[in-house]
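The values are calculated or read from the model by the stated rules, or taken from the named source; none is laboratory data. It should be emphasised that the depicted structure is a prediction, and the values quoted were computed from it without experimental measurement. Here the Cβ positions follow ideal geometry from the backbone for every residue, glycine too, while neighbour counts run over all protein chains shown.
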Ligand code: BGC
């Protein structure tokens, strides 16, 4: 099975054979209805992928249930709680977890919390785990797997954003998938209705393709469904063109709803962040290049995309000013509308795209400098953020060394010194 050519992301690759759901070692667990009830998520034994270096118990600690009442939280306060975050990308958003790389493991939450991250964004591809036909029931074992991940985050005081990710058929054929999308949200919203205020919903990752013409209708309709069972839940909503900040102005946010955070994704310059289909240096160069700039001192720590430049430093500044302007423009929109902003994705590939293994991604010093500058600008403008991704292709955590990439973590969480301050992971057993 191959992701079709029209697929928008630079992620076309051979997919691994579908993992049978029987491989997911989980048991379903309903959120329960009594408010304030303690929820112990019951999970079957750990999968073989649990890392012995980080023997965190596979079962998450209990999560205190209790839904926020309508009006109990405001989006501004909730956005502060998002603060600094990281995406657990390429896991539950793959057709089946494991197809695109990492299985989610307990140590991921642990290292993120220890480093000082405030939140996790959990991309989830519900559409490959639900019936194709009405009533479009979501697989129980899959729900349990998502419950498990949410519990690992919330129990460590990590706020969690749960989205609907990669519903590619909906982008292409909105009319045919409309009812199914709404049915998915009804089930998700009802399933998590009793969860605490630290769980946020994000209605759809990166609208693109045919759905864009109708996006505002989808926003209003989905919000009506969510609000029925979750009157007090914080919801994240973005705009068209893969969540561009300049498309937020076109979104019709549900009038009067004060519990909404707007989101955008930032991957500029794309030739740096995605290096497709060439190395970032070549992709970002003009035709007549003098290799000097790429090899200059500036380029070791910052992408210089003006190779004919006589002054790499000045051009690096131009790039930084461009980023600063984009984020200031986004923040101006937020100020005008009163809707707080979340930069839910940004990142630079650290591994070449599947099928392009001969390509060389930028050095971590460049990736870290770009990410660090971006988060400075975001924070200056009151924008919360989540780096894409923790441990997959755009990694901040390097699974080959099982440690943070130092330039990345220093850029994202300034002052955190992984070499000296990474504590020994806690927990005594890999399985319960
Ligand atoms: C997509 C990922 C992709 C990332 C960077 C995300 O929104 O879901 O598949 O790797 O953006 O392009």
| query | Assuming residue 89 fulfils every condition listed in (1) modelled with pLDDT of 50 or more; (2) within 16 Å of the ligand (Cβ to nearest atom); (3) over 30 Å from residue 234 (Cβ atoms) apart from one, which condition is it? | reply | (3)
| message | Going residue by residue through segment 323-341, is there one that turns out to be away from the ligand (no atom under 14 Å from the Cβ) and in a strand (DSSP E or B)? | response | yes
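Yes or no, residue by residue, for (1) away from the ligand (no atom under 16 Å from the Cβ); (2) in a loop (DSSP other than H, G, I, E, B); (3) at pLDDT 65 or above; (4) surrounded by fewer than 18 Cβ atoms within 10 Å (Cβ to Cβ):
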{"residue": "29", "(1), (2), (3), (4)": "yes, yes, no, yes"}
{"residue": "32", "(1), (2), (3), (4)": "yes, yes, no, yes"}
{"residue": "36", "(1), (2), (3), (4)": "yes, yes, no, yes"}
{"residue": "48", "(1), (2), (3), (4)": "yes, yes, no, yes"}
{"residue": "51", "(1), (2), (3), (4)": "yes, yes, no, yes"}
{"residue": "67", "(1), (2), (3), (4)": "yes, yes, yes, no"}
{"residue": "73", "(1), (2), (3), (4)": "yes, yes, yes, no"}
{"residue": "96", "(1), (2), (3), (4)": "no, yes, yes, no"}
| task | Report whether or not residue 315 is away from the ligand (no atom under 16 Å from the Cβ) and at pLDDT 80 or above. | result | yes
| Which one of these does residue 108 not meet: (1) away from the ligand (no atom under 16 Å from the Cβ); (2) touching a residue at least 24 places away in the same chain (Cβ under 8 Å); (3) more than 13 Å from residue 389 (Cα to Cα)? | (3)
| said: Checking the structure you have, find out if any residue of segment 214-232 is within 16 Å of the ligand (Cβ to nearest atom) and either closer than 27 Å to residue 64 by Cα or outside any helix (DSSP H, G or I) (or both). | reply: no
| query | When you go through 205, 157 one by one, which is the residue that is assigned to a loop (DSSP other than H, G, I, E, B), at pLDDT 95 or above, closer than 23 Å to residue 66 by Cα and in contact with a helix residue (DSSP H, G or I) (Cβ under 9 Å, 6 or more places away or on another chain)? | reply | 157
| task | Determine if segment 236-246 includes at least one residue that is over 17 Å from the mean Cα position of the chain (by Cα) and part of a loop (DSSP other than H, G, I, E, B). | result | no
| request: Name the single residue, out of those in segment 383-421 being over 30 Å from residue 338 (Cβ atoms) and within 15 Å of the ligand (Cβ to nearest atom), that is nearest to the chain's Cα centre (by Cα). | output: 389
| remark: (1) under 21 Å from residue 418 (Cα atoms); (2) surrounded by fewer than 24 Cβ atoms within 10 Å (Cβ to Cβ); (3) within 17 Å of the chain's Cα centre (by Cα) all hold for residue 107 apart from (3)
| query | How many residues, within segment 215-228, are touching a helix residue (DSSP H, G or I) at 6+ places or on another chain (Cβ under 6 Å) and farther than 13 Å from residue 241 by Cα? | reply | 3
| task | Kindly list the number of the only condition in (1) away from the ligand (no atom under 16 Å from the Cβ); (2) surrounded by fewer than 16 Cβ atoms within 10 Å (Cβ to Cβ); (3) modelled with pLDDT under 95 that fails for residue 279. | result | (2)
| note | Within segment 247-276, residues being part of a helix (DSSP H, G or I) and either over 26 Å from residue 354 (Cα atoms) or away from the ligand (no atom under 16 Å from the Cβ) (or both) number 4
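Does any residue of segment 344-361 turn out to be part of a helix (DSSP H, G or I), without any contact (Cβ under 8 Å) to a residue 60 or more places away in the chain and more than 16 Å from the ligand (Cβ to nearest atom)?
There is no residue in segment 344-361 that is part of a helix (DSSP H, G or I), without any contact (Cβ under 8 Å) to a residue 60 or more places away in the chain and more than 16 Å from the ligand (Cβ to nearest atom).
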| request: Could you identify the single residue in 315, 329, 389, 393 that is buried (at least 18 other Cβ atoms within 10 Å of the Cβ) and more than 25 Å from residue 406 (Cβ to Cβ)? | output: 315
| Identity of the residue in segment 366-378, away from the ligand (no atom under 16 Å from the Cβ) and touching a residue at least 24 places away in the same chain (Cβ under 8 Å), that ends up surrounded by the most Cβ atoms within 10 Å (Cβ to Cβ) | 369
| Members of segment 153-177 found to be away from the ligand (no atom under 16 Å from the Cβ) and over 18 Å from residue 188 (Cα atoms), listed by number | 155, 156, 157, 158, 173, 174, 175, 176
